[in-house]
Amino acid sequence: MNTLINKKSQLGLAAMFAALLMFTSCSQQPKTGDNEEAKSEKPKAAPEGVTLTQSQLDAVGIRLGSIEQKNLKSVVKASGQLEVPPQNKAEVTLLMGGVVNQVFILEGQHVSKGQKLATIENNQLIQLQQDYMAALSSLSYAAKEYERQRELNEANAGTGKIYQQSQSALKSEQAKVSALSRQLRQVGVSPESAAHGRFITQIPVYAPISGTIGKIVIQTGSYAEPARPLMNIIDNSKVHCDLVVYEKDLFKVKAGQQVSFILTNQNNREITGKIYGVNQSFENESKAIIAHAVIEQAAKNNLIQGMYVSALIDVGKQEATAVPTEAIVKTGGKEYIYYLVRVAERSGAKEKSETDEEDTSGKTYVFEKAEVVTGVSDLGYTEIRLVKALPKDIKIVTKGAFYILSSENATGDEEE
């Protein structure tokens, strides 16, 4: 009895397991409708290039050519700022301080070398002129004494020792007069006037160079300290440019090369110049050097020290992979050229040519575009570097590439 019950239980469990397997297999089988829908939703093949007929090529003047090797002008791009040579800028200072009596110029005013800028009142100047007059008197006495002792010595009436002392005293007085005379000239006082007793109490301040007055730090009644700048003068007519050239371009840049400058703050106006010197040491840790360029007709271009510029340094010609400039088109922020993929015979071309006089050729041309990175341009050609390599004998569109780009964009719009 127990054996019979166990057998029944085993048969029941087997039946349940079989039913579970049948349910699982049925649920895993896809529905017929779903299969048909999946088949109908296969991805569409992307259109292959742009297809044009011979008549279209002739109508818009599309021409084919090859990628060439050309000797193009090579340039080094650099940036920098305008500077003025040390000899063309000056700070006006005093050797003797004093109270400012008058200021004769204004900031921004152009002055000439030697023009009086201001006067400084200094009572010590009177003492200096008095010392100069006293030194002149002592020199006169020493000169007469020397002549007297020389005559006595020649007549063997004097002693050699006194003669030598008079000679030494003469040289000492001559040196003293010379030193005081130089001091008077340094403060702008004429020694000749002081020698005749025409003393002055005001130190005149003269312009050391011609140029434009910059910041004036003195005013009437203020005290001008010695060696402290009263104002500055700058001559922008000799402005030049200091260009930053990086290590990878060092061997290309040399003195004598032509430079084109772009003034970014003057509507990208272009001026020209020439490299006249290249530093031989790096600037700090930047691995760059400074190349100095003189600017042609700098005085007529209203240039100011500190202006930032971009520059192209002409470093000669070099062989480069190039295409005609009009072969390059821009779209989506990138640059491309078009190349010929294949030429095919059109189906039904003979029948169509009987009714369509304009389309007499049965050929179609398929073009695709290749991305390029452009370089320098010269003589109607532009240097390119292909992002992906193309066969060496590939034919490219040298003229009319913009029409193909327009056709491709129009096709893309229609498909959308």
Residues with amide H under 5 Å of I394's amide H, sequence separation 5 or more or different chain, H placed in the peptide plane at 1.01 Å from N; which? none
Amide H to amide H, which residues 5 or more places from G214 or on other chains are under 5 Å from it, using H placed in the peptide plane? G108, N232, I233, I234
With a Förster radius of 51 Å, plug the Cβ-Cβ distance of L379 and S112 into 1/(1 + (r/R0)^6) and report the FRET value to the nearest 0.05. 0.60
Just to check I understand the Karplus step: with θ = phi - 60° and J = 6.51 cos²θ - 1.76 cosθ + 1.60, what whole-Hz values come out for segment 219-234, glycine and proline as x? 8, 4, x, 7, 9, 9, 7, x, 6, 9, x, 8, 6, 10, 10, 9
Surrounding net charge for N71, when Lys and Arg each add one and Asp and Glu each subtract one, Cβ distance under 12 Å: -1
Pulled fully out, how much extra length does the chain show between A155 and Q318, if you take 0.36 nm times their separation in residues and subtract their Cα-Cα distance? 49.9 nm
When the label point is put 7 Å from the Cα of R198 along its Cα-to-beta-carbon vector, which residues of segment 112-126 have a backbone N closer than 17 Å? 126
For the pair Q280 and T331, what calculated FRET efficiency results from E = 1/(1 + (r/R0)^6), where r is the Cβ-Cβ distance and R0 = 41 Å, to the nearest 0.05? 0.35
Residue by residue, what Karplus-based ³J(HN,Hα) values in Hz, rounded to whole numbers, does segment 203-217 have, using 6.51, -1.76 and 1.60 with θ = phi - 60° and x for Gly and Pro? 8, x, 10, 10, 6, x, 9, 7, x, 10, 5, x, 6, 9, 9
Using the heavy atoms of the protein chains alone and a 1.4 angstrom probe, what is the accessible area of segment 169-265 per residue in square angstrom? 54
Given the Cα-Cα distance of E121 and S407 and 0.36 nm per residue of separation, how much length would full extension add, in nm? 94.5 nm
Where the centroid of each part is defined by its Cα atoms, how far is segment 177-212 from segment 76-117 in Å? 20
From the square roots a ≥ b ≥ c of the eigenvalues of the alpha-carbon gyration tensor of segment 125-259, which class results: rounded (a/c under 1.5), prolate (a/b over b/c), or oblate? oblate
Under the Karplus curve 6.51 cos²θ - 1.76 cosθ + 1.60, θ = phi - 60°, whole-Hz ³J(HN,Hα) for segment 238-245, x wherever Gly or Pro sits: 10, 5, 10, 10, 9, 9, 8, 10
Pull out a ≥ b ≥ c, the square roots of the eigenvalues of the alpha-carbon gyration tensor of segment 257-329, then state rounded if a/c is under 1.5, prolate if not and a/b is larger than b/c, and oblate in the remaining case. oblate
Scan around K317 for amide H atoms under 5 Å from its own, H built in the peptide plane at 1.01 Å from N, and keep only partners 5 or more places away or cross-chain. S74
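The values are calculated or read from the model by the stated rules, or taken from the named source; none is laboratory data. Remember, predicted model here, so these are calculated numbers, not experimental data. Note that each Cβ is placed from the backbone with ideal geometry, even for glycine, and that neighbours are counted across all protein chains shown. With ligands, DNA and RNA removed, areas are computed over all heavy atoms of the protein, side chains included. Shrake-Rupley method; radii C 1.70, N 1.55, O 1.52, S 1.80 Å.
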